[in-house]
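Asker: Can you keep this structure in mind? I'll have questions shortly.
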Amino acid sequence: MTDNSKSAIVLLSGGLDSMVVAGLAREAGYALVALTIDYNQRHRVELESATRIAAHLGAIEHIILPLDLTRFGGSALTADIDVPKDGVEDDAIPVTYVPARNTIFLSLCLGLAEARGARDLWIGVNALDYSGYPDCRPEFIRSFEAMANLATKAGVEGDVFTVHTPLLHMSKAQIATEAARLGLDAGMSWSCYDPTPDHKACGKCDSCRLRAKGFADAGLVDPTVYA
């Protein structure tokens, strides 16, 4: 049973990883306060997915916060830059990296957490099956958590924040398996970086490739409708 006095801020993008993280937070007994950032990304269908997931998991609050990162640009997700469809080079940070995205988003989670009296932040970063983003690494999470407890009233008064990253060392196959174990409908989630006009996943971007391979490796059916 969920104790509403024990709430967690969950960064809910609408993707598979964030859905599983939200499911794990609920399983751990937290009441979910879901935060979705509408950063004017090209794959806006994920906002609809986040809304469905938050409702399905019984979030006590779901905030969709507008933050137009197209004003910054610098990414294939926020500027007029083609999304790669041939995979990414090893050890290369792809153009789908959004400058400082997880730093910005976790900072917003932190502000919401302090305002709501929550001390637990949950985020679906992954350091194995990911696209080489620097803000998905364990070192970043540890550093952000340390910063959070230096930069807030709650932190300096000893009421410390914890950043939970249960997927950090999971493969995409393990994440897909975890979704099934939690009884979550993976079809509610969205992964594609460059959906077609009729809202089908492109099947060729790095995120689609990782998702499809993860389900295949797990021996599970990927419910995604690919173009």
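The values are calculated or read from the model by the stated rules, or taken from the named source; none is laboratory data. Because the structure is a prediction, the values reported are computed rather than measured. Neighbour counts are summed over all protein chains in view; Cβ atoms, including those assigned to glycine, are modelled from backbone coordinates with ideal geometry.
Asker: Kindly indicate which of GLY124, GLY158 is in a loop (DSSP other than H, G, I, E, B), farther than 17 Å from ALA50 by Cα and among the small types (Gly, Ala, Ser).
Answerer: Sole residue among the options that is in a loop (DSSP other than H, G, I, E, B), farther than 17 Å from ALA50 by Cα and among the small types (Gly, Ala, Ser): GLY158.
Asker: Just name the residue that is modelled with the lowest pLDDT out of those in segment 41-62 that are in contact with a strand residue (DSSP E or B) (Cβ under 8 Å, 6 or more places away or on another chain) and surrounded by fewer than 16 Cβ atoms within 10 Å (Cβ to Cβ).
Answerer: Taking the candidates together, the pick is ARG44.
Asker: If you don't mind, another one. Can you spot a residue in segment 178-201 that is surrounded by 15 or more Cβ atoms within 10 Å (Cβ to Cβ), touching a residue at least 24 places away in the same chain (Cβ under 8 Å) and among the basic types (Lys, Arg)?
Answerer: Checking segment 178-201: not a single residue is surrounded by 15 or more Cβ atoms within 10 Å (Cβ to Cβ), touching a residue at least 24 places away in the same chain (Cβ under 8 Å) and among the basic types (Lys, Arg).
Asker: Kindly provide the set of residues from segment 128-173 that are among the aromatic types (Phe, Trp, Tyr) and under 22 Å from GLU114 (Cα atoms), ordered by number.
Answerer: Those that are among the aromatic types (Phe, Trp, Tyr) and under 22 Å from GLU114 (Cα atoms): PHE140, PHE144, PHE161.
Asker: From LEU47, LEU77, grab the single residue that is part of a loop (DSSP other than H, G, I, E, B) and out of contact with any helix residue (DSSP H, G or I) (no Cβ under 6 Å at 6 or more places or on another chain). Give the derivation first.
Answerer: On the way: LEU47 fails: part of a loop (DSSP other than H, G, I, E, B).
When all the criteria are applied, what remains is LEU77.
Asker: Restricting to segment 182-196, count the residues that are in a loop (DSSP other than H, G, I, E, B) and over 19 Å from THR78 (Cβ atoms).
Answerer: Counting residues in segment 182-196 that are in a loop (DSSP other than H, G, I, E, B) and over 19 Å from THR78 (Cβ atoms) gives 6.
Asker: Here is a further query. Here is a check on your reading of the model: is MET170 of a type in the set (A, V, I, L, M, F, W, C), without any contact (Cβ under 8 Å) to a residue 40 or more places away in the chain, out of contact with any Asp or Glu (no Cβ under 6 Å at 6 or more places or on another chain) and under 30 Å from ALA8 (Cα atoms)?
Answerer: no
Asker: State yes or no: is LEU24 surrounded by fewer than 23 Cβ atoms within 10 Å (Cβ to Cβ) and modelled with pLDDT of 95 or more?
Answerer: The answer is yes for LEU24.
Asker: Here's something else I'd like to know. Which condition number does LEU112 fail, the rest of (1) part of a loop (DSSP other than H, G, I, E, B); (2) farther than 27 Å from GLU178 by Cα; (3) of a type in the set (A, V, I, L, M) being met?
Answerer: Exception for LEU112: condition (1).
Asker: Could you list all residues from segment 167-185 that are among the β-branched types (Val, Ile, Thr) and within 16 Å of TRP122 (Cα to Cα)?
Answerer: ILE175
Asker: Within segment 48-92, track down each residue that is charged (D, E, K, R) and under 21 Å from LEU110 (Cα atoms).
Answerer: Selection gives GLU61, ASP68.
Asker: Let me ask something else. Among the residues of segment 134-144, is there at least one that is closer than 18 Å to TYR39 by Cβ, touching a helix residue (DSSP H, G or I) at 6+ places or on another chain (Cβ under 6 Å) and either among the acidic types (Asp, Glu) or touching a residue at least 60 places away in the same chain (Cβ under 8 Å) (or both)?
Answerer: yes
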